[in-house]
Amino acid sequence: FPVTIPGGVINIVTRKGRVGFTGRTNIYAGTRGESGINNSLNYRQKGFVSNLVAGGNSNRFTGNSSSYRQNIYKDSTNALRTSNRYINRSVRPNLQLNLEYDISPKQQFSAQVLFNGNDVNNDGLTRYLHYNQKLDLYKYSTRSIGTSGNTWNPSIGLNYLYKGRKDGERLRIILNGQYSDDGPVS
């Protein structure tokens, strides 16, 4: 479609997708423990288009911290040292399938299937060390916290479009369904 600008005309030509198969794979990794892969496969022919995207990613984040607190009283001194370390892991698969079919110039059908998941495992450990006024260790305790769980979210969508004889005259029927399962968290 041409766009008129003072002093010239820019003609922007868009082209429809090519007939046949196309595909792409993306692989990535990061310095903080994240990685993933995504694949895309497309097929196009007159009146029919399909697109499949599947992949997943994962991460593993680790860290630690520590603190030192000292209380000084008139008759005594005590101190508390804490240290903490954690590991957070997650895996997230995904899938998306889109289909479009032109039944006729006035009728179109499309479908979409989606799936997203998440599997999580987090662990943390904290150590508490208590010292007396001579800075001798008199009490030691630990606290360990762990969480794991998963979530799965599939969904499907169906869409039918009928174009009437007049401009703007359309009948669209949409059916959608989705389900979510949050697995046990421990």
Would you mind getting me the FRET efficiency between ASN159 and ILE87? Use the beta-carbon distance for r and R0 = 41 Å, nearest 0.05.
0.40
Kindly provide the chymotrypsin sites (Phe, Trp or Tyr not before Pro) of region 80-186 that DSSP labels as loop, not H, G, I, E or B, and whose Cβ sees at most 12 other Cβ atoms within 10 Å.
TYR179
Can you run the Rg to Rh ratio on region 16-102? Use alpha carbon positions and the Kirkwood inverse-distance Rh.
1.48
Under 18 Å by backbone N from the virtual spin label 7 Å along Cα-to-Cβ at GLN107, the residues of region 20-60 are 47-49
Which residue fluctuates most in the GNM of the chain (Cα springs below 10 Å): ASN26, ASN39, ASN116?
ASN26
Quick check for me: using +1 on Lys/Arg Cβ and -1 on Asp/Glu Cβ, what's the dipole size of the chain about its Cα centre, in debye to the nearest 20?
380
State the percent of C-alpha pairs, over all pairs in region 111-186, separated by a distance greater than 16 angstrom.
74
Can you give me the distance in nm between label points at LYS166 and VAL19, each placed 7 Å from the Cα along the Cα-to-Cβ direction?
3.7
I want to check the label-to-label distance for GLU100 and ILE173. Put each point 7 Å from Cα in the C-beta direction and report it in nm to one decimal.
2.1
Calculate the FRET efficiency for ASN59 and SER141 from the Cβ-Cβ distance with a Förster distance of 35 Å, rounded to the nearest 0.05.
0.70
Pairs of lysine residues in the chain - Cα separation under 29 Å, sequence separation of 8 or more or cross-chain:
11
Roughly to the nearest percent, how much of the accessible area of region 36-103 is carbon and sulfur, given a 1.4 Å probe?
50
Please give the charge dipole size of region 142-183, origin at the Cα centre, charges +1 on K and R Cβ atoms and -1 on D and E Cβ atoms. Round to the nearest 20 debye.
300
Looking only at the chain, where both bridge partners belong to it, what percent of the DSSP beta bridges are antiparallel (to the nearest 5)?
100
Which of SER155, ASN26, GLY36, positive extreme of dipole for the chain (C-beta unit charges):
ASN26
Counting Lys and Arg as +1 and Asp and Glu as -1, each charge on the Cβ, what is the dipole of region 106-186 about the Cα centre in debye, to the nearest 20?
400
Accessible area per residue in Å² at 1.4 Å probe, computed on region 13-155:
71
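The values are calculated or read from the model by the stated rules, or taken from the named source; none is laboratory data. Since the model is a prediction, treat every value here as computed from it, not as a measurement. Don't worry about glycine lacking a Cβ; one is built from the backbone with ideal geometry, like all the others, and counts go over all protein chains shown. Quick note on the areas: whole protein, heavy atoms, side chains included, nothing else; ligands and nucleic acids left out. Shrake-Rupley method; radii C 1.70, N 1.55, O 1.52, S 1.80 Å.
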